[in-house]
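In what follows, a single structure is set out as structure tokens and then discussed.
No value in this document is a laboratory result; all are computed from the given coordinates. From a predicted model like this one, the values you see are computed outputs, not experimental measurements. FYI the Cβ positions are ideal-geometry reconstructions off the backbone, even for glycines, and counts take in every protein chain you see.
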Amino acid sequence: MLTAHLYRWGKAREFVSIGDPTKAMNPLKEKQGGRYVEDSEYLAFYTWLESRGHTAHAAVMEISYLCGARQQDVLALKRQDITEEGLLICQQKTGKKQLKLWT
């Protein structure tokens, strides 16, 4: 953004005589995101985990789903992150802390 601003500033003051070089650039193509997991698929996998004794994995899956949190953020939870108000989740990617209220 700053580069575009400086370009426009220089162009307005006639320091720059060429056209906008970014106009010739083709935008990068983005890959399509993942697919929506149907409720039946979620329930089947959750049930499969619990039936094999993987209750911790099932709990992480459920917390991630309900809180909209990444797996690594849920796995990093500590006892002090569980409060009377809700779960305090710190996003490792951005460093943001979010309080997910109990419902």
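I need the full set of residues from the stretch 34-64 which are of a type in the set (D, E, K, R) and under 24 Å from GLN92 (Cβ atoms), in order please.
GLU62
Table: residues versus (1) part of a loop (DSSP other than H, G, I, E, B); (2) under 18 Å from LEU101 (Cα atoms); (3) over 24 Å from the mean Cα position of the chain (by Cα).
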residue: GLY10; (1), (2), (3): no, no, yes
residue: TYR42; (1), (2), (3): no, no, no
residue: ALA59; (1), (2), (3): no, yes, no
residue: GLN72; (1), (2), (3): no, no, no
residue: LEU77; (1), (2), (3): yes, yes, no
residue: GLN80; (1), (2), (3): no, yes, no
residue: GLU84; (1), (2), (3): yes, yes, yes
